[in-house]
Amino acid sequence: MEGAGYQVLPMSAPPSSRLPVWGRRIEFDDFFVELVPPGKRVLNVRLNNTFASINFGPSTGISSVRDGRLKYYERKPFEYFVAPPDFVLSGSSEFAPEVLVLVFDFEFARPMISSITGLAVDVFNPHLLFGRPSPFVTTLAKKIRSLVTAQMPPLRYLESLCITLIAEMCSSAEPNEVRAKASWPESVAIKFLLQHIDVNIAEELAVEHLAKLVGCSSDQLCRCFKKMIGETPHSYVLQRRVDIARCLLGNKTMSLAEIAYTTGFSSQSHMTTAFTRTLGVTPGALRHQTP
């Protein structure tokens, strides 16, 4: 390695069978996520698993991704691509941007893609896919980047966000507003909203906003949510904020006020009230009990 992000993998040689470790890599049971630092990069690898990549800035260089031959390319921020196993990934860039990479077994992702799109599992097979920037994918990527760079990332939350991003990228997701249609099956719409709530937990999650995303009225959403989840959207959002905030208490570098803001509470006192009502203990007391 000669500086951040530089990998010497000559394109004149046979492709390597292993991806280099570029930056901080976090491994889970079925996949790993890695934040690749910006810098000069040369890559020549035959992939063993499905490879998904989204860049955080504009990128230019030469690449074989499109048709197997090295050609000049230009990518906009938050464009992404997914390459199948056995694909030869070759290219170089004098200054590549920071990139988020996810490597996984496609069989692991197949049922999740099916649940998001509402289509049969056997419709989906590994293939080369290119995605334009979309608000949902961009938000996911940014949140995952912030967690990967954290000193003590909440691993279960990070894992759930990565799984959602994998499914969204593989299903060529369009922006939420375009995908939201009244014709969605109820089960698919609710699954989408559960994922949306977790990913956007710090944002405004009013019932009216959630209903608009899936193309129905607020009353329709409340009835459907109550039938499938057993509680109202408002109660569910509040409980998820408590759950995620509780997970973040283990990160001692974050103040209670920062945790409250990160999880969508209006203030630290609002978070304390929610904890006391649902858990019977304040966030401060619970943090002291955390090893």
Requested in this report: Figure the gain on full extension for S160 and E94 (residue separation times 0.36 nm, minus the Cα-Cα span) and round it to one decimal in nm.
Outcome: 20.4 nm
Query raised in the report: What is the gain in length, in nm to one decimal, between C247 and H234 on full extension, counting 0.36 nm per residue of separation less the C-alpha to C-alpha distance?
Result: 2.7 nm
Requested in this report: Determine which lysines satisfy two conditions relative to K227: a Cα distance under 30 Å, and not lying fewer than 8 residues away in the same chain.
Outcome: K181, K191, K212
Query - Label-to-label distance, nm, for residues given as Q220 and L279 (7 Å Cα→Cβ offset) - result: 3.7
Report summary line: Rounded to the nearest 0.05, FRET efficiency between Q289 and M152 (Cβ-Cβ, R0 22 Å) equals 0.85
Query raised in the report: What order do you get for K71, K40 when you list them from fewest to most C-beta neighbours inside 10 Å?
Result: K71, K40
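Read-outs: derived from the displayed coordinates by stated rules, not from any lab. If you're wondering where the values come from, they're calculated on a predicted model, not measured in any experiment. FYI the Cβ positions are ideal-geometry reconstructions off the backbone, even for glycines, and counts take in every protein chain you see.
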